[in-house]
Amino acid sequence: ANFVVGLTGGIGSGKTTVANLFAELGIDLVDADVVSREVVAKGTKGLAEIAQHFGGDILLENGELNRTALRDRIFNNPTEREWLNNLLHPIIRSEMLTQLQNSTSDYAILVVPLLFENGLDRLVNCTLVVDISPELQIQRTTLRDAVNAEQVQNIIASQASRDEKLSKADDVIDNHGSISALRSKVSALHNKYIKLAAQT
Ligand code: ATP
């Protein structure tokens, strides 16, 4: 696709839900979370470099990455964390670009939780922020995951603020309402993006 929409929003805002509604309309998705797992899957160069750097203990019996072990190794260790980021960020970025280039839909959507925080908004033609209040972020996330309000609050605090995301967004999709309300908002944006893509 020659036109890419960057989709973002805070924890529990509804990015996945919105992305799936675009997918129902035939739009290809590239998901940063999925790509970041793919680039360290068994047999990848990324995983081989991690194992060489951290040692074989970082792998599970079956040869896959031991995520818990890796998390422990970079927790409270900025040097190791930076080493890992320097390894993975360029690989993730180039894999996302490859998948976007391979997309054949009228436009494509790049779903990235930390789109602005990680400067990935530079890779897209326009940005779409899914917006809900922090209260609703806490409500929906604690309903979905085994986490408490305080843990969600801490994650919210570690992400770009609601105001910052809203001020950087080209489009905002309000997700305080029902899924069916969301579906019609997605449909309107889809028509807009089809037109923009045709002009690009
Ligand atoms: P994260 O970044 O934490 O992975 P996300 O932004 O991808 O979250 P979703 O997983 O899409 O968010 O939505 C969070 C939760 O809220 C899910 O359980 C989803 O089903 C629910 N949800 C999303 N939109 C609505 C809505 N309009 N009404 C009710 N529930 C919703």
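Summary table below
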quantity: 26 Å Cα-Cα threshold exceeded, pairs from Lys165/Lys185; Lys45/Lys165; Lys15/Lys42; Lys15/Lys168; Lys45/Lys168; calculated: Lys45/Lys165; Lys15/Lys42; Lys45/Lys168
quantity: Cα-based Kirkwood hydrodynamic radius, region 31-72, one decimal, Å; calculated: 10.4
quantity: Diffusion coefficient, µm² s⁻¹, Stokes-Einstein with Kirkwood Rh over alpha-carbon pairs of the chain at 37 °C and 0.692 mPa s; calculated: 180
quantity: On Cα atoms only, tilt of 45-54 relative to the major axis of the chain in degrees; calculated: 40
quantity: Largest-first principal axis extents, alpha carbons of region 59-114, Å; calculated: 43, 28, 18
quantity: Accessible area (Å², 1.4 Å probe, nearest 10) - Ser158; calculated: 90
quantity: 10 °C / 1.306 mPa s Stokes-Einstein diffusion coefficient of region 1-112, Kirkwood radius on C-alpha pairs, µm²/s; calculated: 102
quantity: Placed amide H near Val130: partners under 5 Å, 5+ positions off or other chain; calculated: Thr8, Gly9, Ile173
quantity: Using alpha-carbon coordinates, inclination of helix 78-102 to the longest axis of the chain, degrees; calculated: 50
quantity: Overall dimensions of region 98-152 as given by Cα atoms, namely Rg and Dmax in Å; calculated: 15.2, 42
quantity: Contour minus Cα-Cα distance for Phe75 and Lys192 (0.36 nm per residue); calculated: 37.8 nm
quantity: Nearest-ten-degree value, helix 134-144 long axis tilted from longest Cα axis of the chain; calculated: 60
quantity: Ratio Rg/Rh, restricted to region 1-63 and using Cα atoms, in which Rh is the Kirkwood radius; calculated: 1.14
quantity: Long-range amide H partners of Val111 with built H, under 5 Å; calculated: Leu7, Val30, Asp31, Ala32
quantity: Region 7-44 versus region 73-122: alpha-carbon centroid distance in Å; calculated: 12
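The values are calculated or read from the model by the stated rules, or taken from the named source; none is laboratory data. As the structure is a prediction and not an experimental result, all values here were calculated from the model. Calculation scope for accessible area: heavy atoms of the full protein, side chains included, ligands and nucleic acids excluded. Shrake-Rupley method; radii C 1.70, N 1.55, O 1.52, S 1.80 Å.
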